[in-house]
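> Have a look at this one before I ask anything.
The values are calculated or read from the model by the stated rules, or taken from the named source; none is laboratory data. Note that the structure is predicted; figures quoted are calculated from it, not measured. Counting neighbours? That spans all protein chains shown, and the Cβs are built from the backbone with ideal geometry, glycine included. Heavy atoms of the whole protein, side chains included, go into the accessibility calculation; ligands, DNA and RNA do not. Shrake-Rupley method; radii C 1.70, N 1.55, O 1.52, S 1.80 Å.
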Amino acid sequence: MSQGRIPKQVLTRRRFLQAAALAGLSLAGCGAPGGGAQPTLPPASLTATVEARGVSVSTPIAGKTNVTWWTHNNPAFVAANKEMIRRFEQANPNIHIVYQYFPYDVFIRKLQAGYRSGTVADMQQMFGTWVTDYAKNGLLEPVPPDIAGSMEDRFWPAALGAYKWEGKYYGMPNEYNLENGGMLANPKLFQEANIKAYPQTWAELVSDAQRLTKRDQKGKIQQVGFAFTNNDSITFLFLSMILQQGATYWAKDGVHVDFSTEAAKKAWADETALVTKYKVDSEQAYTGDSYEIFFRGKAGMAMRGPWVIAVAKEQFPQFKFDYVPMPPYAGSEPKFAAESGWGEVVNAKAKPEIKEAAWKFIEFIHQPENLRDWNILTFTIPSLKELKDDKKILQNAPQIKTSFEVLQYGQWVGPVQDRDRFWQYVHDAFTSVELGKMSPEDALKDAEKKINAMIDEHVGP
C-alpha cells in the first residue's frame, strides 16, 4: 500500500495549530450550543493516562459496546474529539468510545502496522487524501446505505472527493480543507504605498504586489509584495489558474496529468513571472513559510489558507491584518482544487455490532449542531453545506467569511497518488525556473514527466 507520510501541507497547518493549542478555543469562546460557554469538561472516566508514545483517554467498560478510536494528537482536535465523545455517550449510555491518540509520525505507523497485523482500532480519524488508498485495498467499511444516500446533498464535493471509491463512500469528512480563495493583507503597508483598496483583479494584484515590494541598494528584497513561494501555495495556485480558465490539469484518462495544454502553459508562465519578471516574491528572500514573513510585517500580501488566522490570533495577537478575497486569475469564479480533509473511517474487519455502533457515533458527530462545535474548536472550515455562513462560527471567527464565500467553487484535487511527491515536483520545477536553470516550458514538461512516472508506480501506465 502506498500511503506514505502525512502530507506536508497538513503537517504545516497542524504543527502550528498545535503551537496555538488554545487558539480555536479562544476564538470560539469554545462554542457550545446555546451560547459562548465552554463545552462541559469530560467526566472522570475520560481522564487521560499516558502510555508509551500515545495517550489512552479511556479503557473498555464491561457490559457496554466498546468502540476503539485512534486519532492524531493535535491538542485542539483532541479537545473537540473528547467533547464529541462526552455528548455521544450521554445520549447513548450503552456505547463506550475507547479513545487513544498519538503523535503524527506514530499515528501513521500505527495505521499501517495495525491494518497489516489486524490490530488497528475499530475507527480512526483519517486524512481524506489517504482514504482512497485504504479503501481500494479493502481495509475500510463502506458507509451504510441509509447514511451514504444523503452525503452528496449534505457535503461539499471537495470535502467528499477522496472518501469515494468505485461508487461507494468509505468515511465522512469533518472539514473542508482549502488553501485557496483568501489571502492575508497588511492594511498598514497598503496605506504606506498609497493603495486605497485591496485588489479586485489579477492585474491589480500583480500591480499592487509590485508597489508593495521593496529592495535594498543591492536589489535584495526587503519587503515582499505577494508572498506565495511555499510548497503548498505554488501548486495550489498553479492548479487554480488552470481551472479558472475552464480547463483541467488531468489527462483524458483521468489518471495522469496533462500540463501540455495552452491553459496549463499560460498559467505556469504567469505564475513563474511573479518571481522572474515582476519579482514580487523570491524563495531566496527569506527563510521559513511565506505567512511567517507576513506576520513579521515584511509582506504586503500572502497566500495561505484560513488556518493561519488562528495562528495569528495566538502567536501574533497585536498584529493588524485582514483576510480578504484573492482575485481570480481568469474569469469571474475563483475555481480551485482542494484536498479532502480529516474525517472518520471504520475498520472493515471490526465485528458487525461494533461497526454499527461506530457508524452511529460518526453520524452523531456529523449532525450540524455537533460538527459546528467541532469545527469551532479545531478552527476548521465545515464540510457540511448547511454550516456555510453559520452565525455562531462567524461570531467566533468573522474573518473566515472570506473562505465561506468561495466554498462552492472548489473541487476535489483528484487522485494525486503520492501527495508529497506531486507537490514537490511542481515546487522543484518552479525553483528551477526562478534560478534560471530551466526555461518555464522545459520545467513544466519535466514536472509532468516526473508526476506521471510517480503515478505509474502506483497504478501502472
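> Multiply the residue separation of Lys136 and Gln191 by 0.36 nm, subtract the distance between their alpha-carbon atoms, and state the gained length in nm to one decimal.
14.5 nm
> Starting from the 7 Å offset along Cα-to-Cβ, what nm value, one decimal, do you get for the label separation of Ser332 and Asp146?
About 4.5 nm, to one decimal.
> I'd like the carbon and sulfur percentage of the solvent accessible area for the chain, probe radius 1.4 Å, heavy atoms only, ligands and nucleic acids excluded.
51
> Related question: Which residues' amide hydrogens lie under 5 Å from the amide hydrogen of Trp165, considering only partners 5 or more residues apart or on another chain, with H built in the peptide plane?
Hits under the 5 Å cutoff: Tyr170.
> Run the simple label-point estimate for Lys64 and Lys445 please: 7 Å along Cα→C-beta, distance reported in nm.
Taking the two extended label points, one gets 6.4 nm.
> Another question, if that's okay. Need one word for segment 109-152: rounded, prolate or oblate. Basis is the Cα gyration tensor (sqrt eigenvalues a ≥ b ≥ c); a/c below 1.5 gives rounded, then a/b vs b/c decides.
Prolate.
> Want the number for Gln408 to Lys277: 0.36 nm per residue separation, take away the alpha-carbon distance, what's left?
Result: 43.9 nm gained on full extension.
> Further, regarding this structure: Using Cα pairs closer than 8 Å and at least 6 residues apart in sequence, work out the relative contact order for the chain, in percent.
Relative contact order, the chain: 25 percent.
> Given axes a ≥ b ≥ c from the Cα gyration tensor, I'd like to know whether segment 76-184 is rounded (a/c under 1.5), prolate (a/b larger than b/c) or oblate.
Rounded.
> Restricting things to alpha carbons, tell me how big segment 277-410 is in terms of Rg and Dmax, in Å.
Both quantities, over Cα of segment 277-410: 18.8, 62 Å.
> Given the Cα-Cα distance of Ala269 and Gln367 and 0.36 nm per residue of separation, how much length would full extension add, in nm?
Roughly 30.8 nm would be gained on extension.
> For n ≥ 4 DSSP H runs only, could you compute -39500 (n - 2.57) per run for the chain, divide by its residues and tell me the 222 nm figure to the nearest 500?
Per the formula, -13000 deg cm²/dmol.
> For segment 353-415, treating each Cα as an identical point scatterer without solvent, what Debye log10 I(q)/I(0) comes out at q = 0.19, 0.29 1/Å?
Treating every Cα as an identical point scatterer, log10 I(q)/I(0) equals -0.77, -1.20.
> Also: Which semi-axis lengths, in whole Å and largest first, follow from the square roots of five times the eigenvalues of the Cα gyration tensor of segment 188-233?
The answer is 18, 16, 9 Å, longest axis first.
> Still on this structure, I have one more. Describe numerically, in nm with one decimal, the distance between label points set 7 Å from Cα along Cα→Cβ at Lys349 and at Asp216.
6.0
> Please work out whether segment 342-450 counts as rounded, prolate or oblate from its C-alpha gyration tensor, where a ≥ b ≥ c are the square roots of the eigenvalues and a/c under 1.5 means rounded, while otherwise a/b larger than b/c means prolate and anything else oblate?
Oblate, because a/c is 1.5 or more while a/b does not exceed b/c.
> Here's something else I'd like to know. If you project the alpha carbons of the chain onto the principal axes, what extent comes out on each, in Å, largest first?
Projected onto the principal axes, the Cα atoms of the chain cover 74, 53, 41 Å.
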